[in-house]
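The values are calculated or read from the model by the stated rules, or taken from the named source; none is laboratory data. As the structure is a prediction and not an experimental result, all values here were calculated from the model. Because the Cβ atoms are built from the backbone with ideal geometry, glycine has one as well, and the counts that use them run over all protein chains shown. Just the protein is used for accessible areas: all its heavy atoms, side chains included, with ligands, DNA and RNA removed. Shrake-Rupley method; radii C 1.70, N 1.55, O 1.52, S 1.80 Å.
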Amino acid sequence: VPFIMKAGKALNERKAEIRIQFHSPPGSSRLFQSEGDEALLSNELVLRMQPNEAIYMTTNVKTPGLDYKTTLTELDLSYRERFDNLVMPEAYTRLIIEVLRGQQAAFVRTDELRAAWEIFTPLLQEMEEKKIAPIKYKFGTRGPEESDALIRSVGFSYHAGRYHWHA
């Protein structure tokens, strides 16, 4: 299962989320038509940490009636909409409160830190030895085109603006 991490500065959006994209069932494109006869978008489970904390799933559903058309809809748990009078402190505020309470659950354990360095140290060393430079991209875009080409090569399909979550 491909695992893609995308990060950068000056991207078009500031967000932190985990996005799990499901493969379409075999034959679904021949059974169903999406709105506008475009290809069906993939079903996705999204865990959004920021901004606007939420858990939602986008899913293709058959529209009511005798047609075999689908539409993309969502199952949604948006914290701001679900919980009345919700106060979501900033991340650093939470960490400072944890320090004052003597709680360590929000912090990385030593063994986790060592494991992370075991993964990233060889990568960083190779980048330094081979003088691998970051790929530049235009300010305010989704990042380098090579990034989108890479995720397409492992089967991820970006919705290209066809789906907008109501953040």
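Might you check whether a residue that is in a helix (DSSP H, G or I), under 22 Å from GLY8 (Cα atoms) and not polar (S, T, N, Q) occurs anywhere in region 84-105? Please lay out each step first, then the result.
The first filter runs over region 84-105 and keeps only residues in a helix (DSSP H, G or I), leaving 91-101.
Next, from what is left, pick out any that are under 22 Å from GLY8 (Cα atoms): 91-92.
Next, only the ones that are not polar (S, T, N, Q) stay: 91-92.
The answer is yes; a qualifying residue exists.
Filtering region 48-64 to residues that are open to solvent by 50 Å² or more (accessible area, probe 1.4 Å), part of a strand (DSSP E or B) and over 23 Å from ARG14 (Cβ atoms) leaves VAL61, LYS62.
For region 15-35, state whether one or more residues are open to solvent by 70 Å² or more (accessible area, probe 1.4 Å), of a type in the set (A, V, I, L, M, F, W, C) and modelled with pLDDT under 80. Scanning region 15-35, I find at least one residue that is open to solvent by 70 Å² or more (accessible area, probe 1.4 Å), of a type in the set (A, V, I, L, M, F, W, C) and modelled with pLDDT under 80, so the answer is yes.
Picking from ALA133, ALA115, ALA105, which residue would you name as being more than 23 Å from the chain's Cα centre (by Cα), exposed (fewer than 10 other Cβ atoms within 10 Å of the Cβ), within 30 Å of SER147 (Cβ to Cβ) and of a type outside the set (D, E, K, R)?
On the way: ALA115 fails: exposed (fewer than 10 other Cβ atoms within 10 Å of the Cβ); ALA105 fails: within 30 Å of SER147 (Cβ to Cβ).
Going through ALA133, ALA115, ALA105 in turn, just one is more than 23 Å from the chain's Cα centre (by Cα), exposed (fewer than 10 other Cβ atoms within 10 Å of the Cβ), within 30 Å of SER147 (Cβ to Cβ) and of a type outside the set (D, E, K, R): ALA133.
For first residues located in region 63-80 and under 16 Å from LEU45 (Cα atoms), partners that are open to solvent by 60 Å² or more (accessible area, probe 1.4 Å) and lie 6+ apart or on another chain with Cβ distances below 6 Å form the pairs LEU77/ILE55. Of the residues making up region 70-87, those that are in contact with a Ser or Thr (Cβ under 9 Å, 6 or more places away or on another chain) and either over 22 Å from GLN21 (Cβ atoms) or of a type in the set (Val, Ile, Thr) (or both) number 3.
Restricting SER153, SER147 to residues that are out of contact with any helix residue (DSSP H, G or I) (no Cβ under 9 Å at 6 or more places or on another chain) and open to solvent by less than 60 Å² (accessible area, probe 1.4 Å) narrows the list to SER147.
The number of residues in region 144-167 being basic (Lys, Arg) and at pLDDT below 65 comes to 1.
Kindly establish whether GLU90 is out of contact with any strand residue (DSSP E or B) (no Cβ under 6 Å at 6 or more places or on another chain), open to solvent by 100 Å² or more (accessible area, probe 1.4 Å), more than 30 Å from HIS23 (Cα to Cα) and modelled with pLDDT of 85 or more. Break it down stepwise before answering.
Values: out of contact with any strand residue (DSSP E or B) (no Cβ under 6 Å at 6 or more places or on another chain): yes; open to solvent by 100 Å² or more (accessible area, probe 1.4 Å): yes; more than 30 Å from HIS23 (Cα to Cα): yes; modelled with pLDDT of 85 or more: no.
So GLU90 does not fit the description; no.
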